[in-house]
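Here is the structure we will look at.
The values are calculated or read from the model by the stated rules, or taken from the named source; none is laboratory data. Note that the structure is predicted; figures quoted are calculated from it, not measured. Cβ placement follows ideal geometry from the backbone for every residue including glycine, while neighbour counts extend to all protein chains displayed. Ligands, DNA and RNA are stripped out before the accessible areas are found, and what is left, the full protein with its side chains, is counted by its heavy atoms. Shrake-Rupley method; radii C 1.70, N 1.55, O 1.52, S 1.80 Å.
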Amino acid sequence: MSWPILIKNGHIVDPATGWDSVGSILLEDGKVAWRDKAAQAPASNYEELDATGLVVCPGFIDLHCHLREPGYEDQETIYTGTRAAARGGFTTVCCMPNTDPPLDSPAPVALVKDIISRDSIIRVLPIGCITRSRQGKTIVEMDRLAAAGVIGFSDDGAPVSDNYLMYQAMRYAEEVGLPIIEHSEDLAIGSGGQINEGIISARLGLAGLPQVAEEVAIARNLLLARATGARLHLAHISTAGSVELVRRAKEIGVNVSAEVTPHHLTLTEEWVLGYNTMAKVKPPLRTWNDIEALLQGLEDGVIDAIATDHAPHTATEKQCEFAQAAFGISGLETALGSLMSLVHKQKLSLLLMVDKLTRGPAAVIGDKYPGLGTLAPGAPADVTILDPEREWVVSAASFCSKGKNTPLEGEHFKGVVVATIYQGEEVYQDDSVQFKGRAK
Amino acid sequence: MTASRFEPADMRAMEGQLIDTRLWQHRHVLDLDDFSPEEVSTVFDTANVMQEILRRPVKKVPTLRDCTVATLFYEPSTRTRLSFETAAKRLGADTLSLVVTASSVAKGESLVDTVATLESVGVDIVVLRHSLAGASHLAASVTSRAKVINAGDGWHAHPTQALLDMYTLWRHCGKLAGIKVVIIGDIKHSRVARSNIWGLSLMGAYIVLCAPPTLLPEGLGISSLNFPSVAVESNLALALNDADVVMVLRVQWERHSQGLLPGPQEYIRHYRLDEDKLALARPNALVLHPGPVNEDVEITAKVARGPQSVISEQVTNGVAVRMALLYLLSRGVV
């Protein structure tokens with residue numbers, strides 16, 4: 001067991017308990033021991049960090065990322081992906097089941113948990129499939145998967161197109177008490193689409209993915225959730241129309257939550273110009289109008305969480321003709337930078353940003369893993385420390401992730417994670433921070 | 001002092017006409033969306049010189065004898081490929097011709113590898129036609145020395161076609177600014193339409209697109225820096241009013257099975273260019289078609305072969321324009 005850690009005089013931001021002021025915090029035995037305006041040194045040996053000028057918040061939670069192991073280790077492994085997450089300030093990530101084998105039965109889930117306990121440096125919570133092999137035909141044994149430890153069900157990447165099947169899946173999931181996490185896309189309308197359908201797809205001569213393809217699927221999912229009482233979590237929503245649908249559903253009491261990615265909050269379809277495959281992602285990058293609506297959705301609670309949808313790919317999968325290139329952005333290590341650019345432009349408050357990275361996702365995970373996303377005394381000692389003013393330049397070559405596929409190469413950001421602590425142990429720190437040992 | 005490398009032999013071969021390449025700024029010819037009007041004029045002036053060579057009994061000059069031109073076609077095309085190969089040979093270049101069937105691509109030989117191989121073998125100019133938009137951008141991004149001409153990439157662009165279309169119009173009308181051009185057909189899936197929209201807008205023409213709504217690209221309603229502003233009129237009779245030029249695109253019947261086209265009879269009724277419809281345009285309005293023509297489908301045989309049609313001139317001009325581009329790419333300083 002490592003020494004207790006005293007973090008002194010940082011700007012503590014903990015939306016779950018309403019803290020937003022300067023203070024100090026002591027981490028002991030893997031938990032938050034106390035938190036106060038004044039620092040009191042512990043009686044025993046401890047490590048101390050002077051957090052003057054730094055923001056101290058609960059460790060970020062990523063509801064949606066792809067760690068690719070087992071099966072696609074060229075793209076990422078749990079070893080590299082969790083180190084990338086830690087560097088990005090995430091102490092908990094939920095990994096999607098589109099692996100090989102997919103997480104559609106207890107055995108692959110047990111395998112993944114073994115790899116996690118061996119290779120991971122943070123908490124990884126698996127998500128199970130909705131259907132066997134994500135084929136959309138047969139529902140998995142949800143109860144056995146829940147017992148194996150999954151926190152929800154998703155065929156992510158593959159929407160469940162069969163309405164009847166989704167209806168049944170929601171009814172089962174409701175019994176089991178876990179959410180259905182759905183990638184909403186009507187495959188018929190969106191067939192062949194490469195980027196957002198609009199003036200850029202008109203210019204580039206690429207097949208477009210209309211906004212309505214997402215909205216039709218979201219409407220269906222919301223209606224089924226309402227009919228079954230199931231908990232629905234909408235992955236990576238991207239359009240103004242989707243925000244509107246979720247808003248109305250919440251008003252009438254549908255049990256729905258929604259997430260948005262940092263790239264959908266900051267990048268538009270214009271980033272694809274020049275056939276930039278690094279900006280090719282599903283759902284596609286949309287327009288300023290959609291960004292405004294998504295930010296408003298965060299503001300008024302329509303959108304509960306920010307999740308990265310970290311999707312690492314090899315260089316070969318991206319350096320080819322646009323239509324052949326894989327969809328996906330490697331986002332764990334640029335998430336905070338992108339979000340801070342919104343904070344600095346005053347389009348998103350720091351408090352709200354931290355809320356949607358901590359309390360918001362913790363609420364979606366729910367009772368299965370209580371105490372996440374907060375610095376309340378007794379909570380796990382998961383802490384993220386950031387320097388909101390430090391300027392840095394994105395360099396994919398320096399990523400811990402194997403996925404160097406980011407459109408943000410060379411971007412100048414202001415605001416970076418300087419240290420990440422998981423269960424009282426430092427899992428990431430950069431050269432600027434020093435945890436000074438204080439022996440007694 | 002002109003920046004082009006001239007030998008005395010060139011001067012004689014071009015009948016003493018100096019081709020001014022100083023305003024030419026392109027290393028590759030991928031799209032017309034970043035051309036300047038001066039570059040387009042340079043192409044026209046150079047094509048005029050090439051026309052003269054094509055009128056001689058010996059239609060050959062040694063100007064590009066130090067150049068190797070490879071046509072790399074992933075889609076079948078007799079007309080464009082022959083046009084480029086003829087152009088290269090008239091200028092004395094060595095030519096290589098690769099027609100890649102779909103199965104080669106499926107075997108895994110990537111476009112990137114193929115282009116790199118051509119460059120290693122010593123090819124100076126790669127003329128690429130591909131079924132996927134952006135393919136020529138990809139090819140250009142991996143060459144260090146060779147230059148790329150886009151001979152058509154999916155729905156996106158066919159810059160040499162647009163240049164020869166505009167050259168044809170320019171030879172007849174003397175200018176492009178202010179003329180009204182109506183483009184009829186499947187605009188959404190047409191690289192010829194896109195490139196003509198960019199090129200003609202650049203030169204100041206007024207463009208009207210005429211097509212059923214399912215065959216128009218999305219997002220045209222808003223004014224945007226990302227696309228030239230064009231008018232849309234789905235009624236052919238209204239669109240043709242005051243038109244100086246009518247450009248007809250080939251209909252692809254597979255679009256019908258995708259639910260994008262009304263049936264053949266309906267399309268013909270609303271969008272086929274026949275003599276009666278043509279009479280609604282200006283007298284002596286020019287009729288263009290990129291070919292191959294489906295006679296009596298998108299255009300009647302009478303109109304296609306009639307006095308206002310410049311379809312066969314387009315083909316002849318195509319060789320001259322492509323000669324001009326090969327010359328400018330190999331002799332330009334960029």
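Does any residue of the range B:183-197 turn out to be open to solvent by less than 10 Å² (accessible area, probe 1.4 Å), of a type in the set (A, V, I, L, M) and part of a helix (DSSP H, G or I)? Yes, the conditions are met somewhere in the range B:183-197. The residue that is nearest to the other protein chains (Cβ to nearest Cβ), among those in the range B:159-175 that are open to solvent by 10 Å² or more (accessible area, probe 1.4 Å) and in contact (Cβ under 8 Å) with a residue 24 or more places away in the chain, is B:GLN161. If we scan the range B:279-287, do we find a residue that is assigned to a strand (DSSP E or B) and open to solvent by less than 10 Å² (accessible area, probe 1.4 Å)? Yes, there is a match, as at least one residue in the range B:279-287 is assigned to a strand (DSSP E or B) and open to solvent by less than 10 Å² (accessible area, probe 1.4 Å).
Going residue by residue through the range A:338-361, is there one that turns out to be open to solvent by 60 Å² or more (accessible area, probe 1.4 Å), in contact with a Ser or Thr (Cβ under 7 Å, 6 or more places away or on another chain) and touching a residue at least 60 places away in the same chain (Cβ under 8 Å)? Yes, the range A:338-361 contains a residue that is open to solvent by 60 Å² or more (accessible area, probe 1.4 Å), in contact with a Ser or Thr (Cβ under 7 Å, 6 or more places away or on another chain) and touching a residue at least 60 places away in the same chain (Cβ under 8 Å).
Here is a check on your reading of the model: is A:SER161 assigned to a helix (DSSP H, G or I) and not hydrophobic (A, V, I, L, M, F, W, C)? Please lay out each step first, then the result.
On the way: assigned to a helix (DSSP H, G or I): no; not hydrophobic (A, V, I, L, M, F, W, C): yes.
Spelling it out, it is not the case that A:SER161 is assigned to a helix (DSSP H, G or I) and not hydrophobic (A, V, I, L, M, F, W, C).
Does A:ALA335 satisfy the criteria of being open to solvent by less than 40 Å² (accessible area, probe 1.4 Å) and within 14 Å of chain B (Cβ to nearest Cβ)?
Values: open to solvent by less than 40 Å² (accessible area, probe 1.4 Å): yes; within 14 Å of chain B (Cβ to nearest Cβ): no.
In short, no.
When every residue of the range A:201-223 is checked against the conditions, none turns out to be assigned to a loop (DSSP other than H, G, I, E, B), away from chain B (no Cβ under 12 Å) and modelled with pLDDT of 95 or more.
Anything in the range B:196-229 that is more than 10 Å from chain A (Cβ to nearest Cβ) and either of a type in the set (Val, Ile, Thr) or under 17 Å from the mean Cα position of the chain (by Cα) (or both)? List them, or say none.
B:ASN196, B:GLY199, B:LEU200, B:SER201, B:LEU202, B:MET203, B:ALA205, B:ILE207, B:VAL208, B:THR214
When the criteria are applied in full, A:GLU269 fails the requirement of being in contact with a Pro (Cβ under 8 Å, 6 or more places away or on another chain), under 28 Å from A:GLU299 (Cα atoms) and either open to solvent by 40 Å² or more (accessible area, probe 1.4 Å) or more than 14 Å from every other protein chain (Cβ to nearest Cβ) (or both).
Considering only residues in the range B:117-142 that are over 19 Å from the mean Cα position of the chain (by Cα) and within 14 Å of chain A (Cβ to nearest Cβ), the one that is surrounded by the fewest Cβ atoms within 10 Å (Cβ to Cβ) turns out to be B:SER141. When the range B:198-212 is filtered for residues that are part of a helix (DSSP H, G or I), touching a residue at least 40 places away in the same chain (Cβ under 8 Å) and open to solvent by 20 Å² or more (accessible area, probe 1.4 Å), the ones remaining, listed by number, are B:TRP198, B:LEU202.
Here A:ALA158 meets each of (1) touching a strand residue (DSSP E or B) at 6+ places or on another chain (Cβ under 9 Å); (2) at pLDDT 95 or above; (3) away from chain B (no Cβ under 14 Å); (4) closer than 30 Å to B:HIS189 by Cα with one exception, condition (2). Using the structure shown, decide if A:ALA311 is in contact with a Ser or Thr (Cβ under 8 Å, 6 or more places away or on another chain) and either modelled with pLDDT under 95 or of a type in the set (A, V, I, L, M, F, W, C) (or both). Judged against the criteria, A:ALA311 is a match. Would you be able to say whether some residue in the range A:9-16 is open to solvent by 20 Å² or more (accessible area, probe 1.4 Å), in contact (Cβ under 8 Å) with a residue 12 or more places away in the chain and either touching a His at 6+ places or on another chain (Cβ under 9 Å) or under 30 Å from A:ASP156 (Cα atoms) (or both)? Yes - at least one qualifying residue is present in the range A:9-16. Taken as a whole, the structure leaves A:LYS37 outside the set of residues that are among the charged types (D, E, K, R), farther than 18 Å from A:LEU351 by Cα and under 27 Å from the mean Cα position of the chain (by Cα).
Residues of the range A:172-180 include at least one that is small (Gly, Ala, Ser) and either assigned to a helix (DSSP H, G or I) or within 14 Å of chain B (Cβ to nearest Cβ) (or both).
Closer than 30 Å to A:LYS113 by Cβ and within 24 Å of the chain's Cα centre (by Cα): does that describe A:GLU214? So that I can check it myself, show each step before the final result.
On the way: closer than 30 Å to A:LYS113 by Cβ: no; within 24 Å of the chain's Cα centre (by Cα): yes.
Criteria not met by A:GLU214.
Run A:GLY198 past the list (1) under 28 Å from B:HIS189 (Cα atoms); (2) of a type outside the set (S, T, N, Q); (3) within 21 Å of the chain's Cα centre (by Cα) and report the number of the one that doesn't hold. Here A:GLY198 meets the rest and fails (3).
Tell me the strands (runs of 3 or more DSSP E) entirely within the range A:41-102 that contain at least 1 residues that are farther than 29 Å from A:GLY23 by Cβ. Steps first, please.
Details: elements: A:46-50, A:55-58, A:60-65, A:90-95.
Correct list: A:60-65, A:90-95.
Restricted to the range B:233-261, and to residues there that are open to solvent by 30 Å² or more (accessible area, probe 1.4 Å), in contact with a helix residue (DSSP H, G or I) (Cβ under 8 Å, 6 or more places away or on another chain) and in a helix (DSSP H, G or I), the residue that is modelled with the lowest pLDDT is B:HIS256. When A:ILE189 is tested against (1) away from chain B (no Cβ under 14 Å); (2) assigned to a loop (DSSP other than H, G, I, E, B); (3) in contact with a helix residue (DSSP H, G or I) (Cβ under 6 Å, 6 or more places away or on another chain), only condition (1) is not met.
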